[in-house]
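Let me begin by presenting the structure, written as structure tokens, before commenting on it.
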Amino acid sequence: MKNLIVLTFLICLGQFASAQRQNERSNDIESYKVAYLTSKLELTPEESRAFWPIYNNWQKEQAALRAERAEKMISFRKTNEIDDLSDNQVESLLTNELNFKQKALNIEKKYYYQLKSVLPIKTVGKYYRAQETFKRELLNRYRDGKKRD
């Protein structure tokens, strides 16, 4: 019985440590992204006061959508054997996937218009370019990190 308790404790401890590492990695990435955007956008103090609350709300809304999608686990890509599903199941998966993409696009448009209303359009353009270059840089950073390990 003691062994079972110890084993359960060790498993829980391992899961906790893994979750903590994942949380730390997420925080590191977000800190890196904020620093990256700050350097690329070159915002004035007034622009910065307008930009960051919009950006933070945008990130929260996107995270909530990702969580909803993960919770429902309806991603079409997670289905291995389409042939084993009924036509209705496949149609449902496709419709749900399209609905999540539409929700993501609606969020994107909402915050695009908010940014456009408070920042010069060239700054908004810099933001979108910085988002894309950040993704590439982040991938390269982790790819290079894995090569060193």
I'd like to check something: does region 87-102 contain any residue that is of a type outside the set (Gly, Ala, Ser), on the phi < 0 side of the Ramachandran plot, touching a Leu at 6+ places or on another chain (Cβ under 7 Å) and free of Cβ contacts under 8 Å to residues at least 24 places away in the same chain? no
Regarding LEU119, is this residue of a type outside the set (Lys, Arg), surrounded by 12 or more Cβ atoms within 10 Å (Cβ to Cβ), modelled with pLDDT of 90 or more and closer than 23 Å to ILE54 by Cα? yes
Looking at LEU94, LEU105 in this structure, which one is more than 21 Å from GLU132 (Cα to Cα) and either modelled with pLDDT under 90 or surrounded by 10 or more Cβ atoms within 10 Å (Cβ to Cβ) (or both)? LEU94
Checked region 83-111 for anything touching an Asp or Glu at 6+ places or on another chain (Cβ under 9 Å) and among the β-branched types (Val, Ile, Thr); matches are ILE107
For LEU85: the one exception among (1) modelled with pLDDT of 95 or more; (2) of a type in the set (A, V, I, L, M, F, W, C); (3) farther than 26 Å from GLU30 by Cα: (1)
Of all residues in region 35-47, which are surrounded by fewer than 14 Cβ atoms within 10 Å (Cβ to Cβ) and part of a helix (DSSP H, G or I)? ALA35, SER39, PRO45, GLU46
Read through the list (1) within 17 Å of ALA35 (Cβ to Cβ); (2) in contact (Cβ under 8 Å) with a residue 12 or more places away in the chain; (3) not acidic (Asp, Glu), then give the number of the only condition that TYR142 fails. (2)
When region 117-142 is checked residue by residue, the ones that are aliphatic (A, V, I, L, M), in contact with a Phe, Trp or Tyr (Cβ under 8 Å, 6 or more places away or on another chain) and under 24 Å from ASN27 (Cα atoms) are ALA130, LEU138
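The values are calculated or read from the model by the stated rules, or taken from the named source; none is laboratory data. What you see is a predicted model; the values in this text were computed from it and never measured. Cβ sites come from the backbone with ideal geometry, for glycine too, and all protein chains shown count toward neighbours.
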